[in-house]
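*Asks:* I'd like to ask you about the structure that follows.
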Amino acid sequence: MKFLNILYATALLLLISSCKDNEPTNEIATASKIEKEEKNGVQPFAEHIFSQFTNVRDFTMDKDETEAYFTLQSPARELSVIMKIKKIDNKWQEPEISSFSGQYTDLEPFLSPDNLKLFFVSNRPISKDSTNAKDMDIWYVERESKTSTWSEPKNIGAPVNTEGDEFYPAVANNGNLYYTTIKKELDSQDDIFMSKWENNAYTEPEILGEGVNTKGAEYNAFIAPDESYIIFGGWRRPDALGSGDMYISKKVNGKWTTAENLGEPINSKDMEFCPFVNNEKLYFTSRRSSVMQKENGFTSTEELLSEINKYDNGASRIYRVNFGDE
């Protein structure tokens, strides 16, 4: 009996020792946590492309993640052109000027969910015979398939476009159009409106409710394809982390809930705007900066330039973060 007790105790000790050997060390657990945080945190997107520019914004992508469009602007925004990038062999290639852009002030591209229409904003003349720039209107190009070329730009017309400026189009699966404008008769700044697509035409635009719009400025809306939520920019709201933050409102029983700040790490002390969601990833523009002074200053020019030219240096660039339910 004594022998059996000794044998049992020995086996128990071996079992406990084996379990401890299989437990992750603090070092391994910490590394795993850091890796998970990096995976789920905000990351530069296509850094080899966007790090060469100081002013990019308005990102949109096809469902397959092989074709994307963005706005490239000169530092002082005298020039504004819609660029296209393609992914070949799993790598994003250098940008090219889109076939419909390059002559006028073009910005804010948005690919429809079926990838067969691309909406954008432009000050180009409505008439081909005119050379006079117009105010900012919503335009679109279309194609028969993803391999087809884009059509000539078409003005979306009334009742969406008016004598004022219209900005940042976003389209749902059913064709409903969300965009930003200022109505002189309203006691507010930029507001987000929606125009329904019915009988192959857009209806009179409706302003979104108080869950989204305030007397301040709301802009740059991304609408979920099923219209279940909307993400947009809010300017200097009381709960803001920076000058401009991104907010989310959900549609419940036909009404938009009070918008909530997306919080850190998506929003920062600087400005975030131009959201676009694709395949459970949120792409957005940010002017965030992590540039820091060294405790004892800089003595190496190379080291100084490396700090100044890092991706998150206050320039307007594209970022990506996981945005799924997992």
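The values are calculated or read from the model by the stated rules, or taken from the named source; none is laboratory data. All of these numbers come straight from a predicted model, not from anything done at the bench. When we count neighbours, we look across all protein chains shown, and the Cβ atoms used for this are built from the backbone with ideal geometry, even at glycine. Side chains included, ligands, DNA and RNA excluded: accessible areas come from the protein's heavy atoms. Shrake-Rupley method; radii C 1.70, N 1.55, O 1.52, S 1.80 Å.
*Asks:* Name the one entry in 261, 220, 279, 267 that is in contact with a Leu (Cβ under 6 Å, 6 or more places away or on another chain), closer than 30 Å to residue 65 by Cβ and not hydroxyl-bearing (Ser, Thr, Tyr).
*Replies:* Result of the check over 261, 220, 279, 267: 267.
*Asks:* Of all the residues that make up segment 195-208, how many are touching a residue at least 24 places away in the same chain (Cβ under 8 Å) and surrounded by 15 or more Cβ atoms within 10 Å (Cβ to Cβ)?
*Replies:* Adding up the residues that qualify gives 6.
*Asks:* Here is a further query. Tell me which residues, restricted to segment 132-162, are under 21 Å from residue 97 (Cα atoms), in a loop (DSSP other than H, G, I, E, B) and either hydroxyl-bearing (Ser, Thr, Tyr) or in contact (Cβ under 8 Å) with a residue 60 or more places away in the chain (or both).
*Replies:* Those that are under 21 Å from residue 97 (Cα atoms), in a loop (DSSP other than H, G, I, E, B) and either hydroxyl-bearing (Ser, Thr, Tyr) or in contact (Cβ under 8 Å) with a residue 60 or more places away in the chain (or both): 145, 146, 147, 148, 149, 151.
*Asks:* Out of everything in segment 107-131 that is part of a loop (DSSP other than H, G, I, E, B) and among the aliphatic types (A, V, I, L, M), what residue ends up being most open to solvent (accessible area, probe 1.4 Å)?
*Replies:* That would be 126.
*Asks:* Can you tell me which residues in segment 84-106 are within 16 Å of residue 152 (Cα to Cα) and either over 22 Å from the mean Cα position of the chain (by Cα) or crowded, with 21+ Cβ neighbours inside 10 Å (or both)?
*Replies:* Answer for segment 84-106, where residues must be within 16 Å of residue 152 (Cα to Cα) and either over 22 Å from the mean Cα position of the chain (by Cα) or crowded, with 21+ Cβ neighbours inside 10 Å (or both): 99, 100, 101, 102, 103, 104, 106.
*Asks:* Taking segment 250-273 as the search range and keeping residues that are of a type in the set (S, T, N, Q) and either open to solvent by less than 60 Å² (accessible area, probe 1.4 Å) or part of a strand (DSSP E or B) (or both), which one is farthest from residue 240 (Cα to Cα)?
*Replies:* My answer is 257.
*Asks:* Output the residues belonging to segment 74-106 that are part of a loop (DSSP other than H, G, I, E, B), without any contact (Cβ under 8 Å) to a residue 12 or more places away in the chain and either among the β-branched types (Val, Ile, Thr) or in contact with an Asp or Glu (Cβ under 8 Å, 6 or more places away or on another chain) (or both).
*Replies:* none
*Asks:* Using the structure shown, decide if residue 56 is touching a strand residue (DSSP E or B) at 6+ places or on another chain (Cβ under 6 Å), open to solvent by 20 Å² or more (accessible area, probe 1.4 Å), in a strand (DSSP E or B) and at pLDDT 95 or above.
*Replies:* For residue 56, the condition - touching a strand residue (DSSP E or B) at 6+ places or on another chain (Cβ under 6 Å), open to solvent by 20 Å² or more (accessible area, probe 1.4 Å), in a strand (DSSP E or B) and at pLDDT 95 or above - is not met.
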